[in-house]
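A.B. asks: Mind having a look at this structure? Questions to follow.
The values are calculated or read from the model by the stated rules, or taken from the named source; none is laboratory data. Here the structure is a predicted model, which means the values were calculated and not measured. Neighbour counts run over all protein chains shown; Cβ positions are idealised from the backbone, glycine included. Remember, those area values only see protein heavy atoms, side chains included, never the ligands or the DNA or RNA. Shrake-Rupley method; radii C 1.70, N 1.55, O 1.52, S 1.80 Å.
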Amino acid sequence: MHRITKLACAAAAVTLAASACSSNSSSTSSASGSSVNWATVTSASAGGGMAALVKAAQAEGTLNVITLPATWANYGTIMKDFQAKYGIKINDANPNGSSGDEINAIEHDKGLSSAPDVVDVGNSHATPNTSLFSDYEVSTWSDIPAALKNANGSWYGDYGGYISIGCVAAKVAPAPCPTTFAELADPAYAADYKGKVAMSGDPTSANAAFSAVWAAALAEGGSLTNIQPGISYFAKLKSAGEYNPVVDTESTIESGSTDITIDWEFNNSQFASDLKAKGIDMTVAIPSDGLYSAYYDQAISKYAPHPAAARLWEEYLYSTVGQNDFMGGFARPAEFAAMQTAGSLDATDEKNLPTVSGTVSYPTEAQQTAAQNALTSSWASAVG
C-alpha cells in the first residue's frame, strides 16, 4: 500500500475525530508527578534522563501518529513493538493520507486530544514548517548526518532510500528487465515495455514520483539545479507508448498493468517480497545513471497533546532497534553509516537491500523548491 506524499499542502484540513481538549504540558507533568514541562524539553537528558521520560510518557498513556500505513517502511511492526514495550496506546489517524494532510492536522487540530503528537513527512514539507515543530535532539543525534537534520532539532531524517526500477521479467520478455534509465528508454524495447511503465502517482503531488522524475533528469544530463531533462524523458516514454499514469501498487503489478515500476527501493522491494509468495518474480535495481536518494523526516508537533510520549517515540525510532526495524521494511535508516561502522546493523536485513554503486548528493531547500516549481509548471503540457 502506498503512502502518497504531496508537494503542496492540501487546501482543506483533515478532519480528525475529537471530543475533548488535549491535555496540556502542565497536566502531563502533574500526572507523571514531575514538574518538567516536556512540551519544551529539547533532549531526554534535559528532562532528567530516559527513566524520567519513560515515566512521563507512560503517565500520558497515549501517542497520536498520523499517516503511517502498516506496510510502509515496516511501521506496522514498529508501532506494535513500541506499544508492547511501553504500554502506550498508539492512535494512527488517516494512515493513507499525505504529508500535506499531516501539516494541516497540526495547524487545524491544535488543542484537541486527537491532534497529532508527531509527524513523518517528506522533506519538502518539513523545511518550510519548522514554526509548527518543537526542537528536540534524540540521544543518538550525532549519528544522524548533518545533511539529514535541522541544526536546531526541529526535524530529522528517519529513513529513506533510492529511486529504483522494479520489473517482472516474465511480463516484459523477450526484452530484458531495465536496470538503468537508458535501457528503459531504448527504442529497441519500446514494444515490449508498451503501457507497462508506472510511477507512484502524479509527480506534481506525490513525492516518490517527483523524485523519480529528478532521478531521470540526472540520467539524462540534468542536475540538482535542472530537472527539465527528467520531464522530457517521461514525455519521450509517453510518446513511445511506454508510460502508464496508473499509480503502481502491489495489485497493479500482480494484475500485469504496471510491470515496470519506478519507485522508492523500499516500496519496490516490499512489492517483490509480497509477490514472491504469489509466484511472481520481481527484480529491483537501483539505476546507476540516475542515482537519487531522499529521506523522510520526523518532527514533534509544537502543540502535541502528549509531549512526553512524542519524545519517547522519537527516542525509540532512533534507537538501534528502531533503526533496524526500518531496514526490516527495506528502507535505509538515517543512522545507517554510523551503525555500519559500529557493527550494529541487522546483517540479514542489510543483505536484503539492493546494491548501490556511486555516491549521491542531496538537494538544498532552494534547489528542491526550484525543481518543484519547474515540474509543476510544465508537467501537464509535456506529459499530461
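A.B. asks: Checking the a/c ratio against 1.5 first, then a/b against b/c, what shape does the Cα gyration tensor give for segment 89-138? Mind dumping the intermediate values first?
C.D. replies: Numbers: a/c = 1.43, a/b = 1.23, b/c = 1.17.
The shape class here is rounded.
A.B. asks: Still on this structure, I have one more. Carbon and sulfur atoms: what percent of the 1.4 Å accessible area of segment 175-246 do they account for?
C.D. replies: Working: 1300 of 2480 Å².
About 52 percent, which is the carbon plus sulfur part of the accessible surface.
A.B. asks: For segment 151-276, max minus min Cα coordinate along each principal axis, in Å, sorted largest first?
C.D. replies: 53, 34, 22
A.B. asks: Something else now. In Å², and per residue, what accessible area does the chain have when probed at 1.4 Å with the other protein chains present?
C.D. replies: Spelled out: the 1.4 Å probe surface of the chain, per residue, equals 38 Å².
A.B. asks: Also: For the pair residue 77/residue 110, report the inter-label distance in nm, with labels modelled 7 Å from Cα in the Cβ direction.
C.D. replies: Going from the residue 77 label point to the residue 110 one covers 3.7 nm.
A.B. asks: So which aspartates and glutamates can residue 194 reach, going by Cα to Cα under 20 Å and dropping same-chain residues fewer than 8 places off?
C.D. replies: Once the sequence-local aspartates and glutamates are set aside, what remains near residue 194 is 183, 186, 202, 242, 248, 250, 254, 259, 263, 281.
A.B. asks: Sticking with this structure for a sec: Just to verify a number: what accessible area does residue 77 come out at with the full protein assembly present, 1.4 Å probe, Å² rounded to tens?
C.D. replies: Accessible area, nearest 10 Å²: 60 Å².
A.B. asks: Starting from the 7 Å offset along Cα-to-Cβ, what nm value, one decimal, do you get for the label separation of residue 359 and residue 246?
C.D. replies: That separation, rounded to one decimal, is 4.1 nm.
A.B. asks: Which entries in the list 80/278; 89/149; 149/302; 80/110; 196/276; 238/276 go over 24 Å, if you measure between the two C-alpha atoms of each?
C.D. replies: Where the Cα-Cα span goes over 24 Å, the pairs concerned are 80/278; 89/149; 80/110; 238/276.
A.B. asks: Something else now. What full-extension length gain, to one decimal in nm, is calculated for residue 139 and residue 377 as 0.36 nm per residue of separation minus the Cα-Cα distance?
C.D. replies: Numbers: separation 238, 0.36 × 238 = 85.68 nm, distance 4.22 nm.
That works out to 81.5 nm of additional length.
A.B. asks: Just the number, please: percent antiparallel of the DSSP beta bridges in the chain, rounded to the nearest 5.
C.D. replies: 75 percent
A.B. asks: Please give the net charge around residue 233, taking every other residue with its beta carbon less than 12 angstrom from that of residue 233, where Lys and Arg add +1 and Asp and Glu add -1.
C.D. replies: Values: positive: 236, 238; negative: 220, 242, 289.
Spelling it out: positives minus negatives among the neighbours equals -1.
A.B. asks: Follow-up question, since we're still on this one. With an 8 Å Cα cut-off and a minimum separation of 6 or more residues, compute the relative contact order for the chain in percent. If you can, show how the numbers build up before the last one.
C.D. replies: On the way: 802 pairs, mean separation 97.4, N = 384.
25 percent.
A.B. asks: Related question: When the helix-only estimate is applied to the chain (DSSP H runs of n ≥ 4, each -39,500 (n - 2.57), divided by the residue count), what is the mean residue ellipticity at 222 nm, nearest 500 deg cm²/dmol?
C.D. replies: Theoretical 222 nm ellipticity from helices: -11000 deg cm²/dmol.
A.B. asks: Another question, then. Calculate, in nm to one decimal, what residue 45 and residue 223 gain on full extension: separation in residues at 0.36 nm each, minus their alpha carbon distance.
C.D. replies: 59.9 nm
A.B. asks: OK, next. Work the Kirkwood hydrodynamic radius out for the chain: mean of 1/r over every pair of different alpha-carbon atoms, inverted, in Å.
C.D. replies: 21.4 Å
A.B. asks: With unit charges on the beta carbon (Lys/Arg positive, Asp/Glu negative), name the residue among 316, 146, 115 whose Cα is farthest towards the positive pole of the charge dipole of the chain.
C.D. replies: The listed residue farthest towards the positive side: 115.
A.B. asks: Report the relative contact order of segment 159-289, percent, no decimals, based on alpha-carbon pairs under 8 angstrom and at least 6 residues apart.
C.D. replies: 41 percent
A.B. asks: Related question: Test of the criteria: in segment 194-298, which trypsin sites (Lys or Arg not before Pro) are in a DSSP loop and have at most 16 other Cβ atoms within 10 angstrom of their Cβ?
C.D. replies: For trypsin sites (Lys or Arg not before Pro) across segment 194-298 that sit outside H, G, I, E and B with at most 16 neighbouring Cβ atoms in 10 Å, the list reads 194, 278.
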